Amino acid sequence: MIVSILQDWTEFFLRWLHVIAAAFWVGLALGFLRLNLTLKSRNLHAEEARSAVSKHGHMQVSFETPATRAPQDEARGREDIWRAADDGFFRIARDLHMPAGAEPQIGWFRWEAYVVWLSGFALMVALYFVKADLYLIDPAVLALKTWQAIGLAILALIVGWLGYDYLAKTSWNESARRAAIFVFLVACAFALTHAFSGRGAFLVFGAIIGTNMAANVAHYLVPNQRRMLEAVRTGVALDEARLAVSRQRALHNNYFALPVLFLMLANHYPLAFASRFNWLIAALALIAGAAIRHFYIARHRGSGDLWWTWALAAAAGVAMVALSILGVETPRSRAAAPASAMDAIASVVAPRFADVEEIVADRCAVCHASAPSWPGLAAAPKGVMLETPAQILAHAHAIAAQAVWTRAMPPPGAEIPLGDDERRTLALWLAAGAPAR
């Protein structure tokens, strides 16, 4: 019991750390991209070859009042943005000439990126590796042993990075590279949903994208910042090829940000991860997230408001909902033919609540109880308990989403799975309005 409680708290603290670090990383990355693109748009023709989120040149933020503004800065051609504060103004400037003695920061959000990846991987180990039979493996999809599932998940992270990195470095134009990366990621989503449980597939797919983002920071953005600073200090010409790579990878990370957040949140919604079309829903998340980011990137660049991107994102959202509806399980259609007239009558009459209660007690209360009997669980998942009639009735909608519309529950690794006839009994009960009789 003590071990299970400590494990639950470990998972909680890791999740807390992961969310906090992700908020800082994504917020800072998107914020600095906005600053940089806005500054560039002020002097586009003179600086169109120089960009990136604090990757080319350095930014400085100072707090000033109009009286303390230095007029000589205008003579240097420095690009400034002014923002109002409570009792003065913030002056945000981008300057390609580092003043003598200045010590600009390297990778303003590199530690946030590293903490996000490390805490995310630790959480993946604590939840999906330690409890692989509960979250990662689905024998109905692919019969894997625990070590095989873990090895396959780690291999997916490696292949995901190597494949993305290879495509991002091809000699094609950027539009072709982005299209190829999209196709590659969709192929990854398809493969993962045919190897793991739906929940596990979404988690590993999100981890692939998150790994690519962190690796972009570690292998390209931060090293190129170091090279840029060294070049400025020594008076050597800046390597435009490396700076172009930094711009590309920083932009890719911005396009990845919203889809990876969708994939992490989707693990709490079975109509997304447990749908028969879950890999298509993941692909649509890539489209919707990238479309929204494209709108803001274009706006900050001064290219205007591309409202069609919102229409595309909305269409992708509608398609997700439609796919989840099309993918709803229909236990009734899989029921065996009635053996007698009485069985035929029973097949269209709402089952007794006592029958529903018995199914829930045998198949659900193993985990959803005040004292779960599933190994490693110290408390009912999400605090949902299904031990009394009142609790079952209160969670009728959740039962429908988890065990009737999808096969998210019981967990794929359950010792005794929920049979089609049992799912059909639950479906008939729900269709009759979940009566308490």
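Note on residue 244 and residue 328: the extension gain reaches 25.7 nm, defined as 0.36 nm multiplied by sequence separation minus the Cα-Cα distance.
For residue 437 and residue 162, a Förster radius of 51 Å and the Cβ-Cβ distance give a FRET efficiency of 0.30, rounded to the nearest 0.05.
Using only the Cα atoms of segment 108-201, build the gyration tensor, take square roots of its eigenvalues as a ≥ b ≥ c, and label the shape rounded, prolate or oblate: rounded if a/c is under 1.5, else prolate if a/b is larger than b/c, else oblate.
Details: a/c = 2.88, a/b = 1.41, b/c = 2.04.
It is oblate, given that a/c is not under 1.5 and a/b is not larger than b/c.
Inter-label distance, residue 170 to residue 420: 4.3 nm, where each label sits 7 Å from its Cα along the C-beta direction.
Applying a DSSP loop filter and a limit of 16 other Cβ atoms within 10 Å to the trypsin sites (Lys or Arg not before Pro) in segment 107-198 leaves 145, 169. The shape of segment 108-326 comes out oblate: with a ≥ b ≥ c from the C-alpha gyration tensor, a/c is at least 1.5 while a/b does not beat b/c.
Let me make sure I get this right: for segment 126-168, a, b and c are the square roots of the gyration tensor eigenvalues over alpha carbons, sorted descending. Under 1.5 in a/c it's rounded, otherwise prolate if a/b > b/c, else oblate. Which is it?
Details: a/c = 3.12, a/b = 2.18, b/c = 1.43.
Prolate is the answer for segment 126-168, as a/c is 1.5 or above and a/b outweighs b/c.
Karplus-derived 3J(HN,Hα) values for segment 230-242, using 6.51 cos²θ - 1.76 cosθ + 1.60 with θ = phi - 60°, are 5, 5, 5, 5, 8, x, 8, 5, 5, 7, 4, 5, 5 Hz; glycine and proline are entered as x. Residue separation of residue 231 and residue 358 scaled by 0.36 nm, minus their Cα-Cα distance, works out to 38.5 nm of gained length. Potential lengthening of the chain between residue 370 and residue 390 amounts to 5.8 nm, from the contour at 0.36 nm per residue minus the alpha-carbon distance. Distance between the modelled labels on residue 314 and residue 5, one decimal in nanometres: 5.2 nm (7 Å Cα→Cβ projection).
Just so you know, all these numbers are worked out from the coordinates, no wet-lab data involved. Quick caveat, the model's predicted, so the values are computed rather than measured. FYI the Cβ positions are ideal-geometry reconstructions off the backbone, even for glycines, and counts take in every protein chain you see.
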